[in-house]
Structure formats: structure tokens, C-alpha cells
Amino acid sequence: MSEQDCDSQRMFGRWREEIAPVFDVQPLSGDWRSTFRGDIRRHHLGVALVGEVMTSAQRYERSEGLIGAVGVDHLLIQLYQSGHTTLDIDGKEMRAGPSDVLILDLSRPMRSHASDMRAINLVLPRALLGLDADAIDRAHGTVLSGREALGRLAGDHLQALLRAAQELGPREAPGLLKASANLLAACLAPSLMRDQDAPSTLTATLATMCRFIDRHIADPALDAAMLCCAFGLSRSALYRLFAPLGGVSDYIRRRRLERARLALNGASLERGGIGKLARRFGFSSDDAFSRAFKARFGVAPREAAQIRVLAPAEPGDDSLEAWLRRLDW
């Protein structure tokens, strides 16, 4: 084996380890042992990650096992600067190429294969984007075309954000990232609207309440009464506010189930593990949790846990996995 081949294989090993919390990757090129290149540059801005990747052709997969092992609930927004990718998301094929902006939900599985590529990445908590839950469910795999105005606007902003990232301090970053998220949500919202939908961007009050729900999701006392007290609203005003999301109780239940799904892993299969998870996310009994989980996801919690037998990693302070887990809004 030549020295160049050894260098390429070592580079692929480092790249694969670095990107492992997000994707499992395999080289696509037949002669990758002598040609592989991969590099990622990243900046942690407290409430979001921004960075740039440059890499050789490869296959990417985000499986149920990987989702459960890492357990993050963020969105990945990518601007393709060069190269292209073909994605398989829920059996549907789509493509993204130069100047296109691609949105991926890291709580959902996907597969893709990409050419040599260069891209800007932004990872942010879903609550920061300020879109309703149903709209975000439809965001996975959405492509904003660089040939259209909203796609160009989103792409230009991602480039500007990357340029500024090195100089942003802890005081400036949260406000700027919230403004960035609002701009990206406005660019994305028209692509997520069904014909019968009203505009999908939430009011500021509702977006704040959704963040409150996520932060208190494990509190058994979280309900309509707690929200009314915390925000000074009457029940009728609260119910009107959450009507587009299917009602406040249904929204809380959905978020609890989604968070519980991310938390499932091999430990959940131990005796009493499912019950501990049910109580952790505010369910009064194992049976109530299991029924609600199966109604939402089509499988029982124990079946889902068996899929996710990958042990949680022990991330170092500067690892990508640790950075992802520290994101908060």
C-alpha cells in the first residue's frame, strides 16, 4: 500500500469518526483509498452550530439506531456550494445541487449518496425556527432551489453567517441566531404550506409557549393550567392559540412522545426501563404511554428500543456529539 493510500485511509477514518453523530458514511468512489479527502470546520454559537464541510463522494445514512443513540432533536440546514446529492427520504427521491438549500430533521431517518461536495451547515434546535409542529414534520427533505428568490436569500444568509461566526461572542450570538432562524423560517414556510393552510409561522407568543413546553416536558404538572398561569392567559385564549396545532393537550402529548422516542435505547429494554421512561416524560402509567406511543409511531416502545441497541457514546467536551447535545434554546 502506498503512502498516499495510507494517508487517504487515515483521513477517511478521522472523517468518519468526526461525522458519526450525524451520519454513518461509506466512500462512493472505487479508488477512494488513494483519493479520499474530508474536512469539517465548525463553530459553536451556543444556540446553534455553523460550519463548512468539504468531502469526497460518499453514501450517507441516518438510521433509527443512530437517531436513538445520539438522541438530538435538531434541524440541519445545508447550502450546497458545489456538488450534488440524491436523497431517499420515506421512499421519496429528491435532489439538491449547487446553490440549493436542503433541510433535514435529525430525528428522522434518511439515506443519500453525494458527489464530491462543499457545503455550509447550520444545526439549530427546532424550537428556534418558530414553525408549528406539523410544518416542521413536513420540512424533512425540503429543498429550496437556488434558482428561486427565497432559496437565494436563504443561501446568501448562510454564507454571511459563516463569515461572521468566528467573531460572534456569547452576547451577540443568541439574538443574531434567533433573527437568522426567523429569516430562514420565512424562506421555508411557503414550501411547507398545504393549499388549505394558513401561514405556518407562529405568533411570538405561541413560539415562546412551545419553547416553554419543551423545557418543562418532563414535569408531570405540565398542562393547560400551568401554561395559563405562566403566561397570564385565560383557558379560552390558550385553546384558541393552540387550535391550529390540534389543541394544547395534544401538542404536549406529541412533544412528550417525540422526546421519549429519541430517548429510547438499549437501557430501555432492562426491567422497568419502559416504565421509567414513561414517568420521565409525564405519563401516568406504562400502559397509557405504550398505547399513545404505538398510536403515534406504529410500534410499541419496546419494539422501537430493540431497533436502537447502539450504546450511547461518551462524547469529549469538544466532540461534535457533545456540541450537538449542548445546543439549547
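Key figures for this structure:
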| item | result |
| --- | --- |
| Region 56-93 - residue that is in contact (Cβ under 8 Å) with a residue 40 or more places away in the chain and of a type in the set (S, T, N, Q) and, of those, least open to solvent (accessible area, probe 1.4 Å) | Gln58 |
| Scope region 271-301; condition among the basic types (Lys, Arg) and either open to solvent by less than 100 Å² (accessible area, probe 1.4 Å) or at pLDDT below 80 (or both); matching residues | Arg271, Arg296 |
| Boolean, Phe242 is open to solvent by less than 50 Å² (accessible area, probe 1.4 Å), in a loop (DSSP other than H, G, I, E, B), touching a residue at least 12 places away in the same chain (Cβ under 8 Å) and closer than 25 Å to Asp137 by Cβ | no |
| Tally of residues being modelled with pLDDT under 75 and either open to solvent by less than 60 Å² (accessible area, probe 1.4 Å) or in a helix (DSSP H, G or I) (or both) across region 1-13 | 7 |
| First in region 94-105 and on the phi > 0 side of the Ramachandran plot, second anywhere and open to solvent by 10 Å² or more (accessible area, probe 1.4 Å), Cβ under 6 Å, 6 or more apart | Ser99/Gly146 |
| Residue match in region 14-27 (condition: assigned to a strand (DSSP E or B) and at pLDDT 90 or above) | yes |
| Test: residue in region 56-64 that is in a helix (DSSP H, G or I), modelled with pLDDT under 90 and within 30 Å of Arg256 (Cβ to Cβ) | yes |
| Qualifying positions in region 206-265 - within 27 Å of Lys276 (Cβ to Cβ), polar (S, T, N, Q) and more than 23 Å from the chain's Cα centre (by Cα) | Ser249 |
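The values are calculated or read from the model by the stated rules, or taken from the named source; none is laboratory data. Being a predicted model, the structure only gives us computed values, none of them experimental. Cβ sites come from the backbone with ideal geometry, for glycine too, and all protein chains shown count toward neighbours. These accessible areas exclude ligands, DNA and RNA; they are computed on the full protein's heavy atoms, side chains included. Shrake-Rupley method; radii C 1.70, N 1.55, O 1.52, S 1.80 Å.
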